[in-house]
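Here is the structure we will look at.
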Amino acid sequence: MPMKHLPNILSSLRIVGTVVLLLSDVSSILFGVLYIVCGISDIADGWLARKLKCVTRTGALLDSVADICFVACCALKLLPILELPQWLWLWAGVIVAIKVVNQLSALVMYGRCCFPHTLANKWAGFLLFITVPMTLWSIAPISIAAIVATFAAVQEGYFIRRNAPRQTGRWLPPEGQ
């Protein structure tokens with residue numbers, strides 16, 4: 001198997017790991033280990049794709065689908081046990097609404113979804129990954145992650161609406177790859 005497939009294999013394994021997370025008890029060691037492995041694989045797949053010079057539109061889409069699956073699973077499993085204030089729930093709802101509007105805009109403008117892999121989106125994902133477990137002790141870290149996630153969502157919408165897919169290859173490889 002060529003090394004160029006490794007990033008996509010990691011993204012695919014993250015989807016499988018997410019399904020196992022969904023079926024696991026949130027207080028189990030299995031859940032904790034899979035949570036960490038899925039989070040690390042999210043960092044590793046993109047890094048490997050760039051390092052191996054095998055960044056593709058399919059790989060970027062697979063990574064985004066794996067991210068959505070992981071976030072949705074964690075929301076389903078972890079949010080019910082976290083005691084978050086109502087204002088934080090509302091804030092999370094606003095972030096989700098912005099991201100939904102971004103994707104609807106992309107569908108209308110380009111006929112497809114667009115998942116910009118911006119630095120802000122990467123930081124938001126990383127901060128959410130490390131701060132969600134910290135929320136058991138304090139809401140301060142998740143509040144910082146929410147600030148970054150809000151900026152990332154607004155920036156994502158800006159890139160989508162400013163026709164970024166055609167202006168720059170920064171977040172999606174050229175057509176045909």
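The values are calculated or read from the model by the stated rules, or taken from the named source; none is laboratory data. Since this is a predicted model, take the numbers as computed values, not measurements. All Cβ positions, glycine included, derive from the backbone under ideal geometry; neighbour counts span all protein chains shown. The protein model used for the area step is the full one, side chains on, heavy atoms only, and it has no ligands, DNA or RNA in it. Shrake-Rupley method; radii C 1.70, N 1.55, O 1.52, S 1.80 Å.
Is it the case, given these coordinates, that Val132 is open to solvent by 40 Å² or more (accessible area, probe 1.4 Å), under 26 Å from Leu22 (Cβ atoms) and either within 15 Å of the chain's Cα centre (by Cα) or small (Gly, Ala, Ser) (or both)? So Val132 does not fit the description; no.
Considering only residues of the stretch 106-121 that are open to solvent by less than 30 Å² (accessible area, probe 1.4 Å) and part of a helix (DSSP H, G or I), which is farthest from Gly46 (Cα to Cα)?
Ala106
Could you go through the stretch 2-21 and let me know if any residue there is touching a residue at least 40 places away in the same chain (Cβ under 8 Å), more than 26 Å from Asn163 (Cβ to Cβ), among the basic types (Lys, Arg) and surrounded by fewer than 17 Cβ atoms within 10 Å (Cβ to Cβ). There is at least one residue in the stretch 2-21 that is touching a residue at least 40 places away in the same chain (Cβ under 8 Å), more than 26 Å from Asn163 (Cβ to Cβ), among the basic types (Lys, Arg) and surrounded by fewer than 17 Cβ atoms within 10 Å (Cβ to Cβ). For residues that are touching a residue at least 40 places away in the same chain (Cβ under 8 Å) and closer than 13 Å to Glu156 by Cβ, scanning just the stretch 82-102, find the one that is surrounded by the most Cβ atoms within 10 Å (Cβ to Cβ). The residue in question is Asn102.
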